[in-house]
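What follows is a single structure, written as structure tokens, with notes after it.
Computed from the coordinates by the stated procedures, all read-outs in this text should not be read as laboratory data. Please read all numbers here as calculations on a predicted model, not as lab measurements. Reconstructed Cβ throughout: ideal geometry from the backbone, glycine too, with neighbour counts over all protein chains shown.
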Amino acid sequence: MKSYFRPEIDAMAGYVPGEQPKMADLVKLNTNENPFPPSPEVEKVLRAFDCSRLRRYPDPMADALRDAFASRWGVSRANVIAGNGSDDLLTMIFRAFSSPDRPVAVLDPSYSLYQELAAMQGAPVIRIGLEPRTFALPADLLEQAAPANLLMIVRPNAPTGTLFPRETVKGICENFDGIVVIDEAYADFAPDNCVDFARELPNVIVIRTFSKSYSMAGIRLGYGIAAEEIITGLMKLKDSYNLDMLTQTAGLAAFRDEKYFTARRNEVVSMREALAGELRKRNFFVADSASNFLFVSPPGGDARRVFDELRRRAVIVRYFSAPVTAAYLRITVGTPAENARLLAAIDEIFS
């Protein structure tokens, strides 16, 4: 059959989201979802929601959310854009800043969606390899990224969990002749963040999501912070009503409940460190993580076998088959009971 798609679309493999398995008695540790429910305030506002309002369009600009985000981070509403998950924002950013003559620089390994978004635009991709085992940024990153118009940095990185030094990242932002996106999907689990770079530097966009630390992957909510000129440009690219009314209502309730957020975040960090310690006792290599997941290599390095054996026991983790990641598994931090089942399954596999 004749194809009517652009050649770039025909050539794409397409992004493959993490599996959503339908097994019974499942321990799901593959997509970095939060092990805890969202704030009770979310359920409260949704139960009280007047459904007759749904006949009206939602606020197209999500101003109540933008005002809340702006207040938290010391910027103005004009410096904030809200999206249908951070992936919505990434789509806007790639449409705005990449094209066949405007390459994109990405870290390797990193979030695989970036390469697919670049392919949609026909944009060349410059892959910048992280240092082996430590997953540190290479010293010549700026030289490698120089031809690009857009540089993507995940901090903490996915899938490694690495927290690149703030001053190193700031130096990169200051010296890169293009847009730097700092994807902070996991920053709430880290000891620091880079939001101030977006306040101070004209070429930096920081994006965040409610999917991880706010336990709200199911509603799709994210936001970006940048100079007013950048936000104005991105607003031209967003869907007219990209955030539905229920998402705006629930997101605002979750964001305002700082006490619940902080308590749950601290629990995840504590469980992360405990799980890392248990895996190291079992001779796993565990990369230092500042996220809500661990990037680990099992004894012997046969990650695919361990992935398959865990799956047979209804424990689902993430495996990436690319050469640079093939010896590793990415394991989301679960509840204490889920983590215990994971460790019991590992003990059985290696017995």
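Annotations
- In terms of packing, defined here as the mean over residues of other Cβ atoms within 10 angstrom, the peptides 82-93, 54-65, 101-112, 3-14 line up highest first as 82-93, 101-112, 54-65, 3-14.
- DSSP beta bridges in the chain [antiparallel fraction, %, rounded to 5]: 45
- The local environment of residue 261, defined by Cβ-Cβ distances under 12 Å, has a net charge of +1 under the rule Lys, Arg +1 and Asp, Glu -1.
- Taking the Cα centre of segment 215-351 as reference, the dipole from Cβ charges on Lys and Arg (+1) and Asp and Glu (-1) amounts to some 300 debye.
- Among 51, 173, the ranking by other beta carbons within 10 Å of each residue's beta carbon, starting with the fewest, stands as 51, 173.
- Alpha carbon centroid spacing (whole Å) that separates segment 114-176 from segment 55-108: 20
- The chain - Debye-derived log10 I(q)/I(0), Cα point model, q = 0.07, 0.11, 0.14, 0.15 Å⁻¹: -0.30, -0.77, -1.24, -1.38
- Length-normalised contact order of the chain in % [C-alpha pairs under 8 Å, at least 6 apart]: 23
- Available extension along the chain between residue 273 and residue 49 is 76.8 nm, counting 0.36 nm per residue and deducting the alpha carbon span.
- Farthest toward the positive end of the dipole of segment 40-257, out of 81, 146, 205, is the Cα of 81, where the dipole comes from beta carbon charges about the Cα centre.
- A simple charge model with +1 on the Cβ of Lys and Arg, -1 on the Cβ of Asp and Glu and nothing else charged puts the dipole of segment 40-257 at about 640 debye relative to its Cα centre.
- Descending semi-axes in Å of segment 154-226, equivalent ellipsoid built from Cα gyration tensor: 22, 14, 9
- A full extension of the chain between residue 259 and residue 281 corresponds to an added length of 4.5 nm, given 0.36 nm per residue minus the alpha carbon distance.
- Full-extension gain in nm, residue 134 to residue 321, via 0.36 nm per residue minus C-alpha separation: 65.4 nm
- The relative contact order of segment 101-226, computed from alpha carbon pairs under 8 Å that lie at least 6 residues apart in sequence, is 20 percent.
- Karplus-based coupling profile of segment 282-299, in residue order and whole Hz: 8, 6, 7, 7, 10, 5, 4, 10, 10, 10, 9, 8, 10, 10, 10, 10, x, x, with θ = phi - 60° in 6.51 cos²θ - 1.76 cosθ + 1.60 and x standing for Gly or Pro.
- Arranged from fewest to most other beta-carbon atoms within 10 Å of their beta carbon, 2, 170 become 2, 170.
- Residues residue 232 and residue 144, FRET efficiency given R0 of 25 Å [Cβ-Cβ distance, rounded to 0.05]: 0.25
- Counting only DSSP H runs of at least 4 residues, each contributing -39500 (n - 2.57), and dividing by the residue count of the chain, the helix-based mean residue ellipticity at 222 nm comes to -11000 deg cm²/dmol.
- Column: log10 I(q)/I(0), Debye, Cα scatterers of segment 92-242, q = 0.14 Å⁻¹: -0.66
- Over segment 1-108, relative contact order from alpha-carbon pairs under 8 Å, at least 6 apart, %: 11
- Alpha carbon centroid spacing (whole Å) that separates segment 294-313 from segment 23-37: 17
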